[in-house]
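What follows is a short report on a single structure.
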Amino acid sequence: MSRLVIVSNRLPLGDNPSGGLVVALEDALQSSGGLWVGFSGEPVDDPADRLVFHSGASFERAAFDLTARDYEQYYLGYSNSILWPLCHGRSDLMRIERDFPEGYRRVNAQIARLLVPHLRADDRIWVQDYHLFPLAGELRKLGVENPIGHFLHIPFPDFASCSAMPNPDELFEWLSHYDLLGFQAHRDLSNFEDAASDLSEIEPLGDNHYRLLGRVLRAGVFPIGIDTASFIEEARHSPAEDRMRSLTGAEMMIGVDRLDYSKGIPNRFRAFQTLLEYNHDLHEKIAFLQIAPPTREAVEAYRDIREETEHLAGRINGQFATVNWTPIRFIHRAMPRAVLAGLYRQARIGLVTPLADGMNLVAKEYVAAQDVSDPGVLILSRFAGAAEAMEEALIINPHDTWELAEAMAQAIRMPADERRRRHSALLQGVIENDVSWWSSSYLDTLG
Ligand code: ADQ
């Protein structure tokens, strides 16, 4: 079997790399001697002009360095101040600086140059996410003819958002060099088809094949999953199991997100406020635990969302708290996976309310963590890719504060047999379409 080479922005470092993506790809990486290439993690003054290999995993890991200028232009700049807001429908938050596009192209060209000497003729190359769109084209320029696939973890932008890019047609030129484009949801595939036909030259050839700018490629929907079996075990044996109940006498509602403006955290705070304003009987009966570690704080929009959420939580607590009850507890830290699993299991409601989201794994983790005999209720935004296959959740529009507040009330009062019926259907999907299914269905298609 041919070797699998993965390229992603971040390299899983540490002696025991056990993130979801790593677990998913480990089999494929091990069985045929895999290589994972990614950024070493911290910008350096004097970058190595080669890949630096790390030991300690069951597959090879090789890191590239970035300078502070690369990091600013490629990572904070083009990737997270242009592409991220654009793909999440927030073109208003874009910050386009003259040197961002050039820095993004330069870093991708550099990764290609460092990678080529390590490639073998029969390698399959799998590129992850929006940081690396130009990589296949850069590898092709250097003569690489191997199968190269791309998987986009975040939404594919619609035509209007694509048009807000500095050079919209360039995106399709970059994509045209891949053999397989993988998306999270059907809406992404249709956005790709629509935007490509308006901004580029695409011809559908049937059976998920397209001619894009003269090159033939495939595109398909491969919804990512979680490592369900191990998450279920972790939730069953979690140290958080009893801790939370003793902390509060109230039923718990939980939100777990990176502190990102795409996740709709202020919307859910406002809906919780509305719930409490109109349902006095729920005072002291329900408490909201929001866990949201800050990310990308070098980008201004992320500092703004932190201020906005802290301010809102403070205001709501000031309005409703009693001596015995704090309505919102807001934790800005990452939690060990096992603790998180136990907290999900204790929470009567899981709140996943993004304004835009590629998939959202928290929705799947919440379902996997439940006690099947007394499960909680998932409230899920229709804008999460996860909503396409999780119809038995309470599907809501996160912009509609009333609808979200009503869903919270419905979830709190939902009878046990309805909770079990909805949960069992959701759990079946999360078990069937787990992360191994995702990677093997993608890699089988890449061939
Ligand atoms: P993210 O935007 O990071 O991922 P998500 O899918 O929800 O979003 O994954 C977040 C992960 O981080 C989950 O596994 C969650 O448990 C973990 N996490 C969040 N807060 C945490 C905390 N406080 N402590 C510990 N762990 C925490 C991107 C896309 C998504 C897509 C994924 C995978 O934006 O749409 O689902 O990639 O493709």
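One residue stands out in the range 352-377 among those that are of a type in the set (A, V, I, L, M, F, W, C), within 12 Å of the ligand (Cβ to nearest atom) and outside any loop (DSSP other than H, G, I, E, B): the one that is surrounded by the fewest Cβ atoms within 10 Å (Cβ to Cβ), namely Leu361. If the condition is being assigned to a helix (DSSP H, G or I), of a type in the set (A, V, I, L, M, F, W, C) and touching a strand residue (DSSP E or B) at 6+ places or on another chain (Cβ under 6 Å), then the range 413-447 contributes only Leu446. Only one entry in Ile316, Ile305 is more than 16 Å from the ligand (Cβ to nearest atom), aliphatic (A, V, I, L, M) and outside any loop (DSSP other than H, G, I, E, B), namely Ile316. Name the residues in the range 130-180 that are assigned to a loop (DSSP other than H, G, I, E, B), away from the ligand (no atom under 16 Å from the Cβ) and in contact with a Gly (Cβ under 7 Å, 6 or more places away or on another chain), would you? Hits for the range 130-180 are Pro147, His177, Tyr178, Asp179.
Applying the condition of being within 25 Å of Gly33 (Cβ to Cβ) and of a type in the set (Asp, Glu) to the range 124-172 and asking which residue is surrounded by the most Cβ atoms within 10 Å (Cβ to Cβ) yields Glu138. Among the residues of the range 378-402, those identified as aliphatic (A, V, I, L, M) and part of a loop (DSSP other than H, G, I, E, B) are Met390, Ala393. Within the range 319-332, can one find any residue that is near the ligand (Cβ under 9 Å from one of its atoms) and either within 23 Å of Ile412 (Cα to Cα) or surrounded by fewer than 17 Cβ atoms within 10 Å (Cβ to Cβ) (or both)? Checked the range 319-332: at least one residue is near the ligand (Cβ under 9 Å from one of its atoms) and either within 23 Å of Ile412 (Cα to Cα) or surrounded by fewer than 17 Cβ atoms within 10 Å (Cβ to Cβ) (or both). Beta carbons closer than 6 Å, at least 6 apart along the sequence or on distinct chains, pair a first residue in the range 218-240 that is without any contact (Cβ under 8 Å) to a residue 60 or more places away in the chain and within 30 Å of Leu189 (Cβ to Cβ) with a second that is surrounded by 22 or more Cβ atoms within 10 Å (Cβ to Cβ) and not aromatic (Phe, Trp, Tyr) for Ala219/Leu181. The residue that is surrounded by the most Cβ atoms within 10 Å (Cβ to Cβ), counting only those in the range 250-265 that are within 11 Å of the ligand (Cβ to nearest atom) and not in a strand (DSSP E or B), is Lys263.
Of everything listed in (1) of a type in the set (D, E, K, R); (2) over 24 Å from the mean Cα position of the chain (by Cα); (3) modelled with pLDDT of 95 or more; (4) surrounded by 14 or more Cβ atoms within 10 Å (Cβ to Cβ), the single unmet condition for Asp194 is (2). Kindly evaluate Gly34 against the criterion of being at pLDDT below 95 and in contact with a helix residue (DSSP H, G or I) (Cβ under 9 Å, 6 or more places away or on another chain). For Gly34, the condition - at pLDDT below 95 and in contact with a helix residue (DSSP H, G or I) (Cβ under 9 Å, 6 or more places away or on another chain) - is met. When Leu76 is tested against (1) out of contact with any helix residue (DSSP H, G or I) (no Cβ under 6 Å at 6 or more places or on another chain); (2) within 23 Å of Phe192 (Cβ to Cβ); (3) among the aliphatic types (A, V, I, L, M), only condition (2) is not met. Within the range 423-446, is even one residue farther than 30 Å from Leu217 by Cα, surrounded by fewer than 17 Cβ atoms within 10 Å (Cβ to Cβ) and without any contact (Cβ under 8 Å) to a residue 24 or more places away in the chain? Within the range 423-446 (the criterion being farther than 30 Å from Leu217 by Cα, surrounded by fewer than 17 Cβ atoms within 10 Å (Cβ to Cβ) and without any contact (Cβ under 8 Å) to a residue 24 or more places away in the chain), the answer is yes, since at least one residue qualifies. Residue count for the range 372-424, restricted to those that are of a type in the set (Phe, Trp, Tyr) and more than 25 Å from the chain's Cα centre (by Cα): 1.
The values are calculated or read from the model by the stated rules, or taken from the named source; none is laboratory data. Keep in mind the model is a prediction, meaning the values are calculated, not measured. All Cβ positions, glycine included, derive from the backbone under ideal geometry; neighbour counts span all protein chains shown.
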